[in-house]
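Here the structure is laid out as structure tokens; the discussion comes afterwards.
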Amino acid sequence: MSARRVAVVTGATSGIGLAISRALVADGWALFAVVRSAAKLAAAGLPLLGSAVGDLADPEFAATALDGLDLAGAREAVLVNNAGAIDPIDRFDRLDPTILARTMALNATTPLVLSGVFARKLGAADGCRGAIVQIGSGAAVRPIAGWTAYCASKAALHHGTAVMAGETDPARCSIFVLSPGVIETPMQAAIRATDDAAMPDAPAFRQMARDGALRSPEVPANWLVLRLRSWDLPHGEVVDLFGA
Ligand SMILES: NC(=O)c1ccc[n+]([C@@H]2O[C@H](COP(=O)([O-])OP(=O)(O)OC[C@H]3O[C@@H](n4cnc5c(N)ncnc54)[C@H](OP(=O)(O)O)[C@@H]3O)[C@@H](O)[C@H]2O)c1
């Protein structure tokens, strides 16, 4: 029997994506995971409707990552574009151009591409309502020294999402950005480990951790699952959970 509620989550193997995947599965969603490591996916122990394994910074993989997704018979479908990276962290005049381009692709181009593929599949699935959730960041609107790649890519994601929402009937598909706040994940650990010369705000992030100011990945995950349960979804907005 085909699944009634289908969730696609990118980067389902760590941090916020893992928490969202677990929370969705616990709420009865069938999960299609898009990840870069089959071993990490197996270790996560998530029950799967399907999966695709590859490098989401690679546009060729991104274009085909949802080929195995079948929404026939589904009544609700959600795409959570969560996979992301923050490297390279450094002054703009010292950035490795290859890593800069990869992060722009992973954080901005790929979620926009996946959104288009998902929307086409949704359009072909009669009677299925949909949602596209982009995991964004306060860094999209707040410049942080050392974060050229991250700030620029998240700004592109936020703005591209606003355009997509304007082109879409929210009764068919709700499209919005979820900005989760400062969440304790491996990405935050990497930020704290950054040299102050590359990122002058690194000590402030270390202080936040000492102060216990970071939230757990379950916080944005639970928020999303509750909103999906009631299908009380924003459209064309940036939902900034904690004003971070
Ligand atoms: N943590 C925060 O405070 C915070 C705040 C605002 C926004 N965000 C956003 O939240 C999202 C999740 O971040 P996180 O904090 O949970 O970090 P994380 O634990 O480092 O998770 C990042 C996820 O993206 C996947 N990924 C990275 N590069 C990839 C690639 N080239 N191809 C495929 N998958 C790739 C990782 O795969 P692996 O599991 O294999 O490493 C991992 O699953 C990101 O979009 C991030 O920008 C985080």
Which of the residues belonging to region 1-45 are among the β-branched types (V, I, T) and in contact with a helix residue (DSSP H, G or I) (Cβ under 9 Å, 6 or more places away or on another chain)? V8, V9, T10, T13, I16, I20, V34, V35
Neighbours by Cβ (under 6 Å, 6+ apart or cross-chain): first from region 55-67, farther than 17 Å from K40 by Cβ; second part of a helix (DSSP H, G or I): A62/T110; A62/V113; L66/V117
If we ask which residues in region 95-107 are in contact (Cβ under 8 Å) with a residue 24 or more places away in the chain and either within 13 Å of the ligand (Cβ to nearest atom) or more than 19 Å from the chain's Cα centre (by Cα) (or both), their number turns out to be 8
Long-range neighbours under 6 Å by Cβ, at least six apart or interchain, first residue closer than 15 Å to P143 by Cα within region 185-205, second more than 16 Å from the ligand (Cβ to nearest atom) and open to solvent by 50 Å² or more (accessible area, probe 1.4 Å): P200/A145; A202/D196
Hey, among the residues in region 160-186 that are part of a helix (DSSP H, G or I) and within 15 Å of the chain's Cα centre (by Cα), which one's surrounded by the fewest Cβ atoms within 10 Å (Cβ to Cβ)? P186
Output the residues belonging to region 187-217 that are under 21 Å from the mean Cα position of the chain (by Cα) and either within 29 Å of V163 (Cα to Cα) or outside any helix (DSSP H, G or I) (or both). M187, L214, R215, S216, P217
For region 1-22, what are the residues that are assigned to a strand (DSSP E or B) and either buried (at least 24 other Cβ atoms within 10 Å of the Cβ) or within 9 Å of the ligand (Cβ to nearest atom) (or both)? V6, A7, V8, V9, T10
Residues in region 23-40 that are part of a helix (DSSP H, G or I) and either buried (at least 20 other Cβ atoms within 10 Å of the Cβ) or away from the ligand (no atom under 13 Å from the Cβ) (or both): how many? 4
Which of (1) within 16 Å of the ligand (Cβ to nearest atom); (2) crowded, with 18+ Cβ neighbours inside 10 Å; (3) outside any strand (DSSP E or B) does V80 not meet, given it meets every other one? (3)
In the set A63, A105, A74, A43, the lone residue that is of a type outside the set (S, T, Y), open to solvent by less than 30 Å² (accessible area, probe 1.4 Å) and over 24 Å from A139 (Cα atoms) is A74
It is to be established whether one or more residues within region 189-212 are buried (at least 20 other Cβ atoms within 10 Å of the Cβ), near the ligand (Cβ under 10 Å from one of its atoms), closer than 30 Å to D93 by Cα and small (G, A, S). no
So, in region 161-188, how many residues would count as being within 8 Å of the ligand (Cβ to nearest atom), in contact with a strand residue (DSSP E or B) (Cβ under 9 Å, 6 or more places away or on another chain) and among the β-branched types (V, I, T)? 2
Matching residues, region 121-144, being in contact with a Phe, Trp or Tyr (Cβ under 7 Å, 6 or more places away or on another chain) and either free of Cβ contacts under 8 Å to residues at least 24 places away in the same chain or of a type in the set (F, W, Y) (or both): A139
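The values are calculated or read from the model by the stated rules, or taken from the named source; none is laboratory data. Keep in mind that this is a model prediction, so the values were computed, not measured. Heads up, the Cβs are rebuilt from the backbone with ideal geometry, glycines too, and the neighbour counts pull from every protein chain shown. For the accessible areas, the whole protein counts, side chains as well, though only heavy atoms, and no ligand, DNA or RNA atoms are used. Shrake-Rupley method; radii C 1.70, N 1.55, O 1.52, S 1.80 Å.
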